[in-house]
Amino acid sequence: MNIELTTQQKALQMEVREYMKTVMTPELLEEMKIDDLKEGGGPEFRKQYARMGADGWIGLSWSKELGGREMSHVEQYIFTDEVVRSGFAYPFLTTEAVTPVIAANANAEVREEVVGGVKQGKVTIAIGYSEPNAGTDLASLTTRAERDGDHWIINGQKMWTSLGNFADYVWLAARTDPDASKKHKGLTMFLVPTNIKGFSCNPVHTLGVRTNATFYSDIRLPDKYRVGEVNAGWKLITGQLNIERLSLFTHGQVDSLYQGVCEWAAETPAPGGGKIIELPWVQHNLAKVKTGLEVVKLICWKQAWTMDQGPLNMADASVAKVYSSEFFVELYRMLLEVMGQAGTIATHSPGAVLKGKLEFRWRVGAVLTFGGGANEVQRDIIAMAGLWMPRTR
Amino acid sequence: MDFTISEELKSAQQLAQQILGDFTSVDQLKVIEKQAERMDTALWRALAEAGLLGLDIPEGNGGIGLGFYSLTMLCEEVGRTVASVPVIPVLVSAAGTLRRFGSDAQKDHWLSAIASGATLVTAALEEYNNDDPSMPGSSAQKMDGGYSISGTKICVSQAQSAARILVSARAGDDLVVALVDPRAAGVTLNAQLVTTGETRHELVMNKVQVPTADIIVTGREATEAMEWALQATRTALSAMAVGVCDKMMRITGSYTSEREQFGRALATFQAVSHRVADCYKDVECLRLVTQQAASLLDQGRPADEAVLMAKIWCGDVTHRVSQASQHCHGGTGVDRDYVLFRYCELARQIELTAGSSARLMGELGQDICAEYLAKAG
């Protein structure tokens, strides 16, 4: 039992941290001031993403055959943690969740086209799971794919297709058997090139960032873009969820926010003399944040370490999701409380504290407790898989 | 980074589980609970025979020397079975301090006797409104052949049966850590009934003469000794809380899965199962911070903040899991013929021992303030 990073792991952490400073160029920071380009997609983003590919930073966890470095999950987490900390809109779902599934299941030609492109930092993939009437109950989705010779005719609508406005493909879940005995058994996965006829995309502006509604109207998709067996899509969706979650909640970025607020409070005069940080209630909030953050770090490390030993226990994966998402929301509030009114001043407005990062994180944070699997579903899983309690109804 | 628990430690844990399981049926617990100063001497003997009292005592002193981490695992198992054995005051606070800060003669004299179960040495770290033994209100005066100690310590476990009680006292600017004989002249023991239902004692010392042989350490080293004792005690309490809370949560999971109302198991209501799921989450969080603190102490690495955070989580989680367990049981949970009340009482006792969450949160906040003010220059 030794819960600290090894010398090598610390070296990797510093290497990524330094490298990412070179990725976050002034041009990129300028580009990210534009709302629609906060999550990537602009020319400078593309340039830096491609540079990361050329420098060998994409696909660290992939197998050697795919050109990866077969890094352990712990190393992969260290990489992810630092990339998130840097603020770069790295497309983790593309590189960590979807591409390995495509590599294992797609036809050779498509694998070459997509996996090779991702590796070079030239391809991004949006996720096409949710629909207007299929959110938490994802298996009830209704986007249809019907066979027509060696093509599929696809019709339907997806919702919350983040990156859909600039991604090269949508990783699409569609219903191929409307009469399946159980609804999750009739789903098949496809890769839809976004330049194909019949695809369209409308912006959806949220409390936080831009996302999209995507439309699929009589798309004729060659069968080579089907991934995996027909009607066997569900396990391709669920198989990657744990890996996906490992990049959803990381410690470094929120730890930077905590440190930033501590520094601000230590420099900022309090009205009655002394500094803000000397006020008891400020100390109380900062101590609560630190105490909760420590567990975020330990949960992330433990999950990554466990995945290197074997499969992750379902209950523990759900604990990580519930704890982190609910704590992040609390953390944003407790740090904003310390700033008071100044915490409401938006990025780029004069007087914004920490460049308004916390004001923005709060906006984005609203999705955490339901995104990536609603916390109610996670709690059901904890009760069943962790404590052998019966299914709720 | 490595969360692996060695095979050696796992074997010790399994042995502890087996022995503790043999001695903690409800009937056995009830017999021990009738005692005034609670102590399952037969169980203590069995643990001694298995070598488990000497987990953190060096082989040269009659122990098996597996280290501090293994001792926290024993504390967790004791919590899981609510056994009446003073593992924390005797093995962590007293023996742990003796082995690290005592003289060779003191170690030779006391440690093997503790490991064999022949002798109890307990510790009295707390005073009224003061849980920090490195800043005691008790005073010590140097005199020929030792110190004269006066002051009051509270809620002392095994005060009557122990051969010695480890205390700290202030001698001017200096700190003294000493072993006080509860039978010495000037010592008064006043019974104190505490939340777990056991009788502990207020230890009143009025110019108690402590011979040099029983002075463990003085000066700067004495402060280090008491800082270590406090950190080790808080970590061990957190480990015991992991056992207590893990068990309470499992009892509640089973109970609500079987108990039917409105024609269905209570656990099939999300409002109920989610409350238990939150306990699971809480226990996992507590386990991680506790493991971190215990492994740092085990390696002799700085653990100040890790221990503070562990005990804060300990106080919060014992409270939350205990209340949720009681609530989900309805009336059954409060019935003394059912097992749960013992866990709830022990949870509250642990929560308020060696610093509550609110008090430690205040301390951590002050530490953060000092750290960042220093950085800001």
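Kindly list the number of the only condition in (1) more than 9 Å from every other protein chain (Cβ to nearest Cβ); (2) modelled with pLDDT under 95 that fails for A:ASP316.
It is condition (1) that A:ASP316 fails.
Between A:GLU4, A:GLU82, which is over 30 Å from A:PHE190 (Cβ atoms), in contact with a Leu (Cβ under 9 Å, 6 or more places away or on another chain), of a type in the set (Asp, Glu) and at pLDDT below 95?
Working: A:GLU82 fails: at pLDDT below 95.
Testing whether each residue is over 30 Å from A:PHE190 (Cβ atoms), in contact with a Leu (Cβ under 9 Å, 6 or more places away or on another chain), of a type in the set (Asp, Glu) and at pLDDT below 95 leaves just A:GLU4.
Could you give every pair whose Cβ atoms fall below 6 Å, whose first residue belongs to the range A:369-382 and is more than 12 Å from chain B (Cβ to nearest Cβ), and whose second residue is of a type in the set (A, V, I, L, M, F, W, C), counting only separations of at least 6 or pairs across chains?
A:GLY372/A:LEU248
Within the range B:30-50, is even one residue at pLDDT 95 or above, closer than 30 Å to A:VAL74 by Cα and either outside any helix (DSSP H, G or I) or more than 14 Å from chain A (Cβ to nearest Cβ) (or both)?
no
Considering only the range B:211-218, I want to know if a residue exists there that is buried (at least 24 other Cβ atoms within 10 Å of the Cβ), among the aliphatic types (A, V, I, L, M), at pLDDT 95 or above and assigned to a helix (DSSP H, G or I).
Within the range B:211-218, none of the residues are buried (at least 24 other Cβ atoms within 10 Å of the Cβ), among the aliphatic types (A, V, I, L, M), at pLDDT 95 or above and assigned to a helix (DSSP H, G or I).
I'm checking my understanding of the structure. Among residues of the range A:1-19 that are of a type in the set (S, T, N, Q) and touching a residue at least 60 places away in the same chain (Cβ under 8 Å), which one is nearest to the other protein chains (Cβ to nearest Cβ)?
Out of the qualifying residues, it is A:GLN9.
When only residues in the range A:55-82 that are away from chain B (no Cβ under 14 Å) and assigned to a helix (DSSP H, G or I) count, which is farthest from A:GLU113 (Cα to Cα)?
It comes out as A:GLU82.
Answer yes or no: is there a residue in the range A:222-241 that is touching a Leu at 6+ places or on another chain (Cβ under 9 Å) and within 14 Å of another protein chain (Cβ to nearest Cβ).
No; the residues of the range A:222-241 include none that is touching a Leu at 6+ places or on another chain (Cβ under 9 Å) and within 14 Å of another protein chain (Cβ to nearest Cβ).
Any residue in the range A:144-166 that's touching a residue at least 24 places away in the same chain (Cβ under 8 Å) and farther than 12 Å from A:GLU131 by Cα: show its pairings with residues that are part of a loop (DSSP other than H, G, I, E, B) and acidic (Asp, Glu) at Cβ separation under 8 Å, as long as the two are six or more apart or on different chains.
Taking only residues 6 or more apart or on different chains, the pairs are A:SER162/A:GLU39; A:LEU163/A:GLU39.
So if I check each of B:LYS207, B:LYS153, which one is away from chain A (no Cβ under 14 Å), crowded, with 24+ Cβ neighbours inside 10 Å and of a type outside the set (A, V, I, L, M, F, W, C)?
Working: B:LYS207 fails: crowded, with 24+ Cβ neighbours inside 10 Å.
That would be B:LYS153, the only listed residue that is away from chain A (no Cβ under 14 Å), crowded, with 24+ Cβ neighbours inside 10 Å and of a type outside the set (A, V, I, L, M, F, W, C).
Criterion first (assigned to a helix (DSSP H, G or I), under 18 Å from the mean Cα position of the chain (by Cα) and either without any contact (Cβ under 8 Å) to a residue 60 or more places away in the chain or more than 24 Å from A:PHE360 (Cβ to Cβ) (or both)) does A:THR95 satisfy it? Full working, then the answer.
Numbers: assigned to a helix (DSSP H, G or I): yes; under 18 Å from the mean Cα position of the chain (by Cα): yes; either without any contact (Cβ under 8 Å) to a residue 60 or more places away in the chain or more than 24 Å from A:PHE360 (Cβ to Cβ) (or both): yes.
Against the criterion (assigned to a helix (DSSP H, G or I), under 18 Å from the mean Cα position of the chain (by Cα) and either without any contact (Cβ under 8 Å) to a residue 60 or more places away in the chain or more than 24 Å from A:PHE360 (Cβ to Cβ) (or both)), A:THR95 qualifies.
Do we have any residue at all in the range B:177-193 that's assigned to a loop (DSSP other than H, G, I, E, B), surrounded by fewer than 16 Cβ atoms within 10 Å (Cβ to Cβ) and not small (Gly, Ala, Ser)?
Yes, the range B:177-193 contains at least one residue that is assigned to a loop (DSSP other than H, G, I, E, B), surrounded by fewer than 16 Cβ atoms within 10 Å (Cβ to Cβ) and not small (Gly, Ala, Ser).
Condition test on B:HIS201, is it under 26 Å from B:THR152 (Cβ atoms), surrounded by 18 or more Cβ atoms within 10 Å (Cβ to Cβ) and either not assigned by TED's automatic domain parsing to the domain that holds B:VAL31 or not polar (S, T, N, Q) (or both)? Show your work before the answer.
Values: under 26 Å from B:THR152 (Cβ atoms): yes; surrounded by 18 or more Cβ atoms within 10 Å (Cβ to Cβ): yes; either not assigned by TED's automatic domain parsing to the domain that holds B:VAL31 or not polar (S, T, N, Q) (or both): yes.
Taking the combined requirement at face value, the residue satisfies it.
Name the pairs whose Cβ atoms lie under 7 Å apart, with the first residue in the range A:352-364 and over 17 Å from A:CYS262 (Cα atoms), the second of a type in the set (Val, Ile, Thr), and 6 or more positions between them or separate chains?
From the range A:352-364, the pairs are A:PHE360/A:THR347; A:VAL364/A:VAL209.
Could you grab me the full set of residues in the range A:205-236 that are at pLDDT below 95 and within 22 Å of A:ASN165 (Cα to Cα)?
Across the range A:205-236, the qualifying residues are A:HIS205, A:THR206, A:LEU207, A:GLY208, A:VAL209, A:ARG210, A:THR211.
So, in the range B:48-68, exactly how many residues are free of Cβ contacts under 8 Å to residues at least 40 places away in the same chain, touching a helix residue (DSSP H, G or I) at 6+ places or on another chain (Cβ under 6 Å) and not hydrophobic (A, V, I, L, M, F, W, C)?
1
Inside the range A:281-393, counting only helices (runs of 4 or more DSSP H) that do not spill past its ends, which hold 3 or more residues that are among the polar types (S, T, N, Q)? Please lay out each step first, then the result.
Values: elements: A:314-339, A:357-365, A:375-381.
Because the criterion is at least 3 residues that are among the polar types (S, T, N, Q), the helices (runs of 4 or more DSSP H) in the range A:281-393 that meet it are A:314-339.
Within 29 Å of A:ASP35 (Cβ to Cβ), buried (at least 19 other Cβ atoms within 10 Å of the Cβ) and of a type in the set (D, E, K, R) - does that describe any residue in the range A:292-301?
No, the range A:292-301 has no match at all.
Any chance you could count how many residues in the range B:189-198 are more than 24 Å from B:ALA169 (Cα to Cα) and touching a residue at least 60 places away in the same chain (Cβ under 8 Å)?
Residues in the range B:189-198 being more than 24 Å from B:ALA169 (Cα to Cα) and touching a residue at least 60 places away in the same chain (Cβ under 8 Å): 5 in total.
Inside the range B:250-290, can you point out the residues that are crowded, with 23+ Cβ neighbours inside 10 Å, of a type in the set (Gly, Ala, Ser) and free of Cβ contacts under 8 Å to residues at least 12 places away in the same chain?
B:ALA277
Quick one: in the range B:130-165, of everything that is in a strand (DSSP E or B) and in contact with a Leu (Cβ under 6 Å, 6 or more places away or on another chain), which residue is nearest to B:TRP110 (Cα to Cα)?
Only one residue fits best here, namely B:ARG164.
The values are calculated or read from the model by the stated rules, or taken from the named source; none is laboratory data. Bear in mind that the values here come from a model prediction, so they are computed numbers and not experimental data. Heads up, the Cβs are rebuilt from the backbone with ideal geometry, glycines too, and the neighbour counts pull from every protein chain shown.
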